[in-house]
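Structure first, commentary second.
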Amino acid sequence: MVPSALNRKLLRDLVAMRGQALAIACVIAAGIAMFVAYLSNFGSLENTRQAYYERQRFADVFATVTRAPARLRDRIAAIPGVSVVETRVVADVVLDVPGLDEPATGRLLSVPAAGRPRLNDLHMRSGRWVSADRADEVIASEAFVEAHGFALGTRIYAVINGRRRALTIVGVALSPEYVYSIRPGELVPDPKRFAILWMEHDSLASVFDMEGAFNEVSLGLARDASADAVIADLDRLLEPYGGRGAIRRAQQFSNWSVENELTQLRTFGFFVPLIFLLVAAFVLNIALTRALALQRPQLAALKALGYSNRELAWHYIKWALVIAGAGAVLGIALGIWLGSAMLRLYNLYFKFPLLAFDLSAGVMLAAVGIALASAAIGAFSAVIRAVRVSPAEAMRPEIPIRYRHSAIETAWVRRRLSTTTRMILRNLERQPVRALTTIVGIAFAAAILQVGFSLLDAMDRLMTNQFSVAERQDMTITFVEPLSPAARFAVSRLPGVLRVESERIVPVRLRAGHRVRTLGITGLPPDPDLKRPMNRDLRVMRPSREGLVLSAILARVLAVAPGDVVTVEVLVGSQPTREVRVAGVVDDIFGISAYMELDQLHSFLREDALLSGASLIIDPARERELTRALKQQPALSGIAAKHVVLENFRKTMAENMGLMLTFNVAFAGVIAFGVVYNAARVSLSERSRELASLRVLGFTRAEISIILLGELAILTLMALPVGAVIGHVLTALLVRASESEIYRFPMSLTPRMVALSALTVVVASIVSGLLVRRRLDRLDLVGVLKLRE
C-alpha cells in the first residue's frame, strides 16, 4: 500500500524535526509512565485486596470488650442482619525473641483447634494447624518469621501473666486482619519486633482467665443489613461487659491503612501526570505554531493543489498524534517497569498471599487516549490558525516586523551594549508573545522540579519534626491495663531511666451530627515536654482543661471547628457519654488524635488517676540493661525505642516515597530538557537564514552562537522566578491533595530547593545549547545567497 502524498510529507517533516519530536515524546512518556505506574498499582492492590478478603471471609464489623461470657454469642447472632459470629480471646504480651536485644511485642489470638475460623480465616504458608493437646504451639505471622529467619519448631518466649513461657512455632500464616500490621504506638511496620501469634483457644483462654468468655467479636453481615443498626445493637449487648465500641471494616486499622494508600495512589495517579501532560500540550502548541509559520509556502502550495482546510488540519494534527503515540508507547513501557518496582516495595509492607503487577487493558487504553487527547488539544489552535490563511496570503513571505525606535536604540544604550547584545534584546522586544510562551514553558519545567525536590525535603522535615521536636522521648512503654500513679515511680526506678512522663489513653467514639470516628483521647500533663501535640509549622499546642484539642484532619472529618461541641462516648469503665467543646485544633503530621489535659481527663471520666503508659528519657549506656529488665515486666504490653521507630520509618519512607519521588524528579528533569531543547531548536529553525546571513557578512561562529544562545539564556533566567511561584502553588496543591489520615507532609519550600530546581534547569539549558550549537556549525551559507521567493 503506497502512502499518500501528505503522509509522505508527514514522515519527512518528522524526520527533519526528529530532535524536537523526541524531546516532546519524552515529556509525554514521563507523564504516561507515572499514570500507568500509579493506576496499575492501584488496580493491582484493589483487586488483590478484594479477592483476598472474600476468600478468607474478612469480617464486616469488629468489637472489643473487657470480658464477655460465651453465652452472649447466641444473642449477638440473633441481631437482625448478622449472618456469622466469631468470638475469640486476644492479648498483647512482651516477647523475648532469640537474637533480639530489646523486647518485642506479641499479639496472641485464639483459634479453634478443630476446624477453621468462620471469619478472618488464615492463609497457611507452611507448617500445620495448632493442636489441642499442645498448649505451647502457635502459628506465627509470615512477616515476623521472615524478619528473623526462623524455621518451624523455633521457640520464642513470652511473659504471660507474670510467667516466662516458651512458645513453639508450628505454622506460618497470613491474615486479612493484618495485611498491614503495626504494633501499638508506632508509625510503620516493624516485623522484627511485632509478631501476630495464633494459639489454640482453650490454651490461650486458660492462661488469661478467659475460660467460657471472650474479649473480641467479629461479625459477617447479610447483604441487605444496615451496619449502623447492627453496631448499635451490638454495643448495647456488650456495654455491661466493658464493650469498647464496634467499628466497621472501613475503620479496621489494617484495612484503613491499605485504603489510605489506595487513595494516595489514585491522587498521585491523576494529579502528577496531569501536570506533565499539560506541559506537553503547551510545548506541542509552541512547536507546531512555529513549524507551521516556517511552512507557509508549502501550506499555500498544498491549498493551490486542491487540498481542503480539513485535510490539511488533519495532516498537521497527525503530526502531533504520531509524537504522542510514540510517547505513549514509551511511557507505557516505562510505567510497567516503574510500577513493578513500586509493587516490589508494597510486597514488603502489605502481606497478601500473592500481590502481582497487573496492567489492565483499561489503564493502557486510558493512557493512550490521554496522550493523544493532550496532543490534539495542544495542536488544535495552532493548526486552525495556520490553515485559515488564504493561499494568496500564504504564498507571500510574512510581513516584516515594523521597525521603530525603542529604548534599545537610544544613544546611551548603544554606547554601553555590544552589537550582539542589542540584537538579542531587540529580537526579544519585537517577539513578546514568543518570548512569553518560552518563559512559561521553562517556568513549568522549573516548577515541576521544585515540586519533586520540595516533597523529598518534606520527607526529611517530617521525620525531623516528629522525632526530634514533637516526640523527644527515647522510649515509650504501654501497660496491659491502666495502672495507678505508683506505676510511674516503679518505672522511674528501673535501671537507666532518667525521666518519666506519663499519659492516659481512653478509647472513645466522637460524634458530630452523623459523622463518627472511633479513636483514643490522650491525656497529657499540662505542660508536656516529651510528647507534645505540634503543628506542622512547629508551634506547640498544649492540651486544654476546657475541652478537646483535635487533629486538623479529624476536625475536617467531623466538620467541626474550635468552639463547636462534639459528643464523646467513652468505651471503657462506666462508659459515660458527654458533650465536650472543641478547644483547639492542631495541624499535626501523623494519624488522627484528640488530646485533653490529664487531670481534666480523669475528672471527665470520674475515675481515680490512672495511667496507660509513659514516655521515658534513658541513659544510652544502660539501654541494654533496661531492655532486659523490661522483658520481665508482666504489666507491659508494648515497648518502643525511638531510635528503632525512626530507623524503620526512615527505611520505609526512603524505599517507598523515595522511589516514587525520585522518579518524579527524574521525569521533571526530562521535561526541563525537553522544553528548553525544543525552544532552542525552534529558534534555530526560525532564525537559521538570519544567522547564516550574519556569517556571510563576517560574524564569527562564536558571535552568532551568542546571539541565539544568549536569547535562550535570558529567557531561562526570566523563567526561573516565574517557575518558583508556580512551583510553590503546585507544591501546596499536591501537599493538600496527598493528605491522608495516616500522615501529612509539611509544606516545605526552602531557598535550597528553589536553587536546586533552578540549577537543574540551567544545566538542562546548557546541555540543550551545546546540542544546538553543533547545528550552527552546519548552517548552509550558500543557501542564504539565494532568493527565498
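Take ASP60: with every protein chain present and a 1.4 Å probe, its accessible area is about 50 Å². Against the longest principal axis of the chain, how steep is helix 361-387, in degrees 0 to 90 to the nearest 10, with axes from Cα atoms? So the helix axis and the longest Cα principal axis differ by about 30 degrees. Amide H contacts for MET475 (H built 1.01 Å from N in the peptide plane; partners 5 or more residues away or on another chain; cut-off under 5 Å): LEU616, LYS642.
Only helical runs count toward this figure. For the chain, summing -39,500 (n - 2.57) over DSSP H runs of n ≥ 4 and dividing by all residues gives -17500 deg cm²/dmol at 222 nm. Scanning the chain for trypsin sites (Lys or Arg not before Pro) in DSSP loops with at most 13 neighbouring Cβ atoms within 10 Å leaves 607-777 as the longest stretch between them.
Note that segment 77-82 has calculated 3J(HN,Hα) couplings of 4, 7, 4, x, x, 8 Hz, one per residue in order, obtained from phi through the Karplus relation 6.51 cos²θ - 1.76 cosθ + 1.60 (θ = phi - 60°); glycine and proline are x. Here is the size of segment 1-97 from its Cα atoms: Rg then Dmax, 30.2, 86 Å.
The 1.4 Å probe gives accessible areas that order GLU259, GLU216, largest first, as GLU259, GLU216. TYR178 contributes an accessible area of around 40 Å² to the protein surface, as traced by a 1.4 Å probe with all chains present. Rolling a 1.4 angstrom probe over the protein heavy atoms with all chains in place gives segment 1-135 an accessible area of 41 Å² per residue. Measuring between their Cα centroids, segment 417-461 and segment 304-364 lie 28 Å from each other. Taking a ≥ b ≥ c as the square roots of the Cα gyration tensor eigenvalues, with a/c under 1.5 meaning rounded and otherwise prolate when a/b beats b/c, else oblate, which class fits segment 454-590? It comes out oblate by the Cα gyration axes. If a/c stays under 1.5 just call it rounded; otherwise compare a/b with b/c (prolate if a/b is bigger, oblate if not). Do that for segment 170-260, with a ≥ b ≥ c from the square roots of the Cα gyration tensor eigenvalues. Judged from the Cα gyration tensor, segment 170-260 comes out oblate (a/c at least 1.5, b/c at or above a/b). Please report the carbon-and-sulfur percent of the accessible area for the chain; probe 1.4 Å, protein heavy atoms only, DNA, RNA and ligands left out. Percent of accessible area from carbon and sulfur atoms in the chain: 59.
Report THR168's accessible area, 1.4 Å probe, all protein chains in place, as a number in Å² to the nearest 10. Surface accessible to solvent at THR168 totals approximately 20 Å².
Compute the angle between helix 751-776 and the longest alpha-carbon principal axis of the chain, please, reported from 0 to 90 degrees and rounded to the nearest 10. Rounded to the nearest ten degrees, it is 30. Taken per residue, the accessible surface of segment 434-527 reaches 37 Å², heavy atoms only and a 1.4 Å probe.
Legend: residues HIS728, HIS148, sorted from most to least accessible area (1.4 Å probe; ligands, DNA and RNA excluded), read HIS728, HIS148.
Relative to the longest principal Cα axis of the chain, at what angle does helix 227-238 sit, 0 to 90 degrees, rounded to 10? It works out to around 20 degrees.
Partner lysines whose Cα lies under 18 Å from the Cα of LYS9, excluding those fewer than 8 positions away in the same chain, are identified as LYS303, LYS318. For THR577, THR437, the ranking by accessible surface with the largest value first comes to THR577, THR437, using a 1.4 Å probe. How would the chain be classified by its alpha-carbon gyration tensor: rounded, prolate or oblate, with rounded meaning a/c under 1.5 and the a/b versus b/c comparison settling the rest? It comes out prolate by the Cα gyration axes.
The values are calculated or read from the model by the stated rules, or taken from the named source; none is laboratory data. These numbers were taken from a predicted model, which means no experiment stands behind them. Here the Cβ is made from the backbone with ideal geometry for all residues, glycine too, and neighbour counts use every protein chain on show. We work out accessible area using only protein heavy atoms, side chains counted, and drop any ligands, DNA or RNA first. Shrake-Rupley method; radii C 1.70, N 1.55, O 1.52, S 1.80 Å.
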